[in-house]
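Asker: I am attaching a structure below and will ask some questions about it afterwards.
The values are calculated or read from the model by the stated rules, or taken from the named source; none is laboratory data. Quick caveat: nothing in here was measured; it's all calculated off a predicted structure. Using ideal geometry, Cβ is built from the backbone for each residue, glycine included, and neighbour counts are taken over all protein chains shown. Remember, those area values only see protein heavy atoms, side chains included, never the ligands or the DNA or RNA. Shrake-Rupley method; radii C 1.70, N 1.55, O 1.52, S 1.80 Å.
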Amino acid sequence: VLRSFMADKGFANAEVTHKLTPIPGGSSKLINLTFDVQEGPKLKIRKIDFVGNSAFGGGALQRRMKTNKPKTWYAFFSGKGTYRIDRYEEDVERVGQHYRNHGFLQARIGAAEFKTLETSKDGKTRWVEMRIPVTEGKRYRVGEFEIDGNTVLKTEGLRAAFSVKKAEYANEE
């Protein structure tokens, strides 16, 4: 749990150990529990490289990400630039949704890999390049669009609620 809390704050390499010591003069059920937390360096993103993307450029995909972005001059105010493992899944979902909204229904975004670019002299910050693998898959177009199994509403009324046209790229949204 403590490692998870530390990772949420950008300390993905935090090490947590514990020590149990009996309380002198106490019963055998009373102990002191001490946690030793070594933060390790805070990961700061200097660059993001998407690997395997061809339909969309890296900049377009990076703009879909909300939290895990490279540090910029205004990042001091926005908090951007620090790797937040707790928000990575949300960012991956946003990039995947972008693909699915443009016909790539089987697109997959993988786990980030990190390449260390520089470590600060005090060892408290590690600048990294974040590499994110992308598998785009096939791009799909709409063929036939049918509504089946409706018993309450008329099909014509339901069909009007969808703006799906034949031959356009499939859009999950």
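Asker: Would you check the accessible area of M65, probe 1.4 Å, heavy atoms only, in square angstrom rounded to 10?
Answerer: Only protein atoms counted, so the area is about 0 Å².
Asker: Same structure, new question: Taking amide H atoms as placed 1.01 Å from N in the peptide plane, list the residues 5 or more away in sequence, or in a different chain, whose amide H sits under 5 Å from that of K44.
Answerer: Y83, R126, W127, V128
Asker: Spin-label point model (7 Å from Cα, Cβ direction): what's the R139 to V1 distance in nm?
Answerer: A separation of 4.9 nm, rounded to one decimal place.
Asker: Which is the longest part of the chain that has none of the trypsin sites (Lys or Arg not before Pro) sitting in a DSSP loop with at most 13 other Cβ atoms within 10 Å? Mind dumping the intermediate values first?
Answerer: On the way: sites that count: K29, K66, K121, K124, K138, K154, K165, K166.
Here the longest segment lacking exposed loop sites spans 67-120.
Asker: Per residue of the chain, what 222 nm ellipticity follows from adding -39500 (n - 2.57) for every DSSP H run with n ≥ 4, rounded to the nearest 500? It would help to have the intermediate numbers written out before the result.
Answerer: Working: 5 runs with 40 residues, N = 173.
That calculation yields -6000 deg cm²/dmol at 222 nm.
Asker: If I model a spin label as a point 7 Å beyond the Cα along the Cα-Cβ vector, how far apart are those points for E156 and Q97 in nm?
Answerer: Computed distance between label sites E156 and Q97 equals 3.5 nm.
Asker: Working from the alpha-carbon coordinates of segment 122-173, get Rg over Rh, Rh being the Kirkwood radius. Mind dumping the intermediate values first?
Answerer: Values: Rg = 21.8 Å, Rh = 15.6 Å.
Taking Rh as the inverse mean 1/r over Cα pairs, Rg/Rh reads 1.40.
Asker: Now for a different question. For a quick check: with amide H placed at 1.01 Å from N, whose amide H comes under 5 Å from L105's, ignoring anything fewer than 5 positions away on the same chain?
Answerer: Y140
Asker: Of the options F50, T116, T17, report the single residue whose Cα projects farthest towards the positive end of the charge dipole of the chain (beta-carbon charges: Lys, Arg +1; Asp, Glu -1).
Answerer: So the residue we want is T116.
Asker: With a sphere of radius 14 Å drawn around the Cβ of G59, what net charge do the other residues whose Cβ falls strictly inside it have (Lys, Arg +1; Asp, Glu -1)? Mind dumping the intermediate values first?
Answerer: Numbers: positive: K47, R63, R64, K69; negative: D49.
That sum, taken over residues with Cβ under 14 Å, equals +3.
Asker: Let me ask you something else. Quantify, in whole percent, the carbon and sulfur part of the accessible surface of segment 1-158 (1.4 Å probe; protein heavy atoms only). The partial results should precede the final answer.
Answerer: Details: 5470 of 10520 Å².
The computed percentage sits at 52.
Asker: Right, another one. Quick one: accessible area per residue over segment 16-173, 1.4 Å probe, rounded to a whole number of Å²?
Answerer: Working: 10900 Å² over 158 residues.
Result: 69 Å² of accessible area for each residue.
Asker: Any chance you could give the angle, 0 to 90 degrees and rounded to 10, that helix 85-100 forms with the longest Cα principal axis of the chain?
Answerer: 10
Asker: Ok, one more. Can you give me the C-alpha center-to-center distance between segment 125-139 and segment 49-71, rounded to a whole angstrom?
Answerer: Their Cα centres are 8 Å away from one another.
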